[in-house]
Amino acid sequence: MSIEVKNITKIYGTQKALNNVSFKINTGEIVGFLGPNGAGKSTMMKIITGFIPPSQGEVFVNELDVVENSLEVREMIGYLPENNPLYHEMYVKEYLNYVAGIYKLGKQTKSRIDDIIDITGLAIEQKKKIGELSKGYRQRVGLAQALIHDPNVLILDEPTSGLDPNQIIEIRNLITKIGKEKTVMLSTHIMQEVEAICDRTIIIKNGVIVADDTTKNIHKYTDDKFQTIIVEFDKKIDFQLLEKLEGVVKVKNIDEQNWLIQTEDNIDVRPKIFDLAVRQKITVLSMQKREKRLEDVFHELTK
Ligand code: ADP
Ligand code: MG
């Protein structure tokens, strides 16, 4: 087990930012941590990385209590904080040298910096000052500082926020590559990002976990009992015939030939739609089950 969060509560003044939160993250998992602004994501990440203490509860990283062993734990964790604070006046290499010094990398420093510049794709910009870099490259420097001591746990707080679509894909690919060998927990507002790279999704709202499952199964946390099928026929069909099929709950036509059919979750009406079409001498041009998107699940659980 890489991360174990046990009954964590965090109170700022009179506000409860986290309320009795528990979860475990296994070694090698890539977990998406989702929630609306103010849900408590950054607070949770700061507690896991030992930057702030919890009000109650315990966190273990690689079986070590993060409060009691904060120095050892920091060596095991790479952390990209929200808004990626960097020293804009420093040169890229100068900054990475400085971070390597904090982790006391000693003789390995030079080769490690060269490796990390290579891994994060910083080579062509390595001679610049951080303040001169584009946001995408600054984010790479942020990832480089998080990775320089070769931690096996990565905590990334909105790593792609503020990047353009191309930069987002680049950073996402980088995280996927790095994530092959490490345990990763990342927060984001981009649902496709989670669908693309996270095995598992945890959704938090008002300091409470409202869903925690594999990304594929996370829709189970919503109470929607229906599924939706989209059918295209080659010509107009009598909608009453569709409505009469067993298991059909609701029929809605998108246009002459396209229909949205809502059905009971446990009945597959697709064969019956085919039979009906054959009897009516109509051709089914396409038919798909519409899977519930993470986006839908997120809205339902956090609205
Ligand atoms: P998220 O990262 O999900 O947007 P945060 O963890 O940053 O959420 O914040 C959770 C809640 O705690 C918010 O209501 C925020 O205003 C509050 N909060 C965060 N940091 C502090 C702080 N240092 N002092 C007081 N309140 C804070
Ligand atoms: Mg945050």
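The values are calculated or read from the model by the stated rules, or taken from the named source; none is laboratory data. Keep in mind that this is a model prediction, so the values were computed, not measured. In this analysis, Cβ positions are derived from the backbone assuming ideal geometry, glycine residues included, and neighbour counts consider all displayed protein chains. Calculation scope for accessible area: heavy atoms of the full protein, side chains included, ligands and nucleic acids excluded. Shrake-Rupley method; radii C 1.70, N 1.55, O 1.52, S 1.80 Å.
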Query raised in the report: So which residues in region 176-195 are in contact with a Ser or Thr (Cβ under 7 Å, 6 or more places away or on another chain) and under 14 Å from LEU147 (Cα atoms)?
Result: THR183
Query raised in the report: Which condition number in (1) at pLDDT 95 or above; (2) more than 16 Å from ligand 1 (Cβ to nearest atom); (3) within 17 Å of the chain's Cα centre (by Cα) is the one that THR27 fails?
Result: (1)
Query raised in the report: Of (1) within 16 Å of ligand 1 (Cβ to nearest atom); (2) open to solvent by less than 10 Å² (accessible area, probe 1.4 Å); (3) without any contact (Cβ under 8 Å) to a residue 60 or more places away in the chain, GLN56 satisfies all except one. Which?
Result: (2)
Query raised in the report: Inside region 30-75, can you point out the residues that are under 25 Å from HIS149 (Cα atoms), polar (S, T, N, Q) and more than 16 Å from ligand 2 (Cβ to nearest atom)?
Result: ASN62, ASN69, SER70
Query raised in the report: Is it the case that some residue within region 110-129 is touching a Leu at 6+ places or on another chain (Cβ under 8 Å) and either within 16 Å of ligand 2 (Cβ to nearest atom) or outside any helix (DSSP H, G or I) (or both)?
Result: yes
Report summary line: From the option list GLU68, GLU72, GLU82, GLU58, single residue qualifying as among the acidic types (Asp, Glu) and either in contact with a Phe, Trp or Tyr (Cβ under 7 Å, 6 or more places away or on another chain) or assigned to a helix (DSSP H, G or I) (or both) is GLU72
Report task. Six or more apart or on different chains, Cβ under 6 Å: which pairs go from a residue in region 6-19 that's assigned by TED's automatic domain parsing to the domain that holds PRO53 to one that's open to solvent by 100 Å² or more (accessible area, probe 1.4 Å)? Could you list them? Result -> THR9/GLN56
Query raised in the report: For region 176-219, what are the residues that are in a helix (DSSP H, G or I) and open to solvent by 10 Å² or more (accessible area, probe 1.4 Å)?
Result: THR176, LYS177, ILE178, MET191, GLN192, GLU195, ALA196, ILE197, THR215, LYS216, ASN217, HIS219
Report task. Might you check whether a residue that is more than 30 Å from ILE8 (Cβ to Cβ), open to solvent by less than 40 Å² (accessible area, probe 1.4 Å), among the polar types (S, T, N, Q) and not assigned by TED's automatic domain parsing to the domain that holds GLU181 occurs anywhere in region 265-272? Result -> no
**Report entry** Residue among TYR12, TYR79 that is within 16 Å of ligand 2 (Cβ to nearest atom) and either farther than 22 Å from ARG140 by Cβ or of a type in the set (Gly, Ala, Ser) (or both)
**Finding:** TYR12
**Report entry** Enumeration of residues in region 63-82 that are surrounded by fewer than 17 Cβ atoms within 10 Å (Cβ to Cβ) and in contact (Cβ under 8 Å) with a residue 40 or more places away in the chain
**Finding:** GLU63, GLU75, GLU82
Query - Failed condition for PHE33, given (1) open to solvent by 30 Å² or more (accessible area, probe 1.4 Å); (2) assigned to a strand (DSSP E or B); (3) within 10 Å of ligand 1 (Cβ to nearest atom) - result: (1)
Requested in this report: Confirm whether ALA17 is within 14 Å of ligand 2 (Cβ to nearest atom), part of a strand (DSSP E or B) and of a type outside the set (D, E, K, R).
Outcome: yes
Query raised in the report: Among (1) within 16 Å of ligand 2 (Cβ to nearest atom); (2) open to solvent by 60 Å² or more (accessible area, probe 1.4 Å), which single condition is GLN240 missing?
Result: (1)
Query raised in the report: Looking at GLN288, is it part of a strand (DSSP E or B), at pLDDT below 95 and either in the same structural domain as ILE8 (by TED's automatic domain parsing) or buried (at least 16 other Cβ atoms within 10 Å of the Cβ) (or both)?
Result: no
Report task. Scan region 1-30 for residues that are farther than 14 Å from THR201 by Cβ, out of contact with any Gly (no Cβ under 7 Å at 6 or more places or on another chain) and open to solvent by 20 Å² or more (accessible area, probe 1.4 Å) and report the count. Result -> 14
Report summary line: Selection over region 130-175 where residues are assigned to a loop (DSSP other than H, G, I, E, B) and more than 15 Å from the chain's Cα centre (by Cα) yields a count of 10
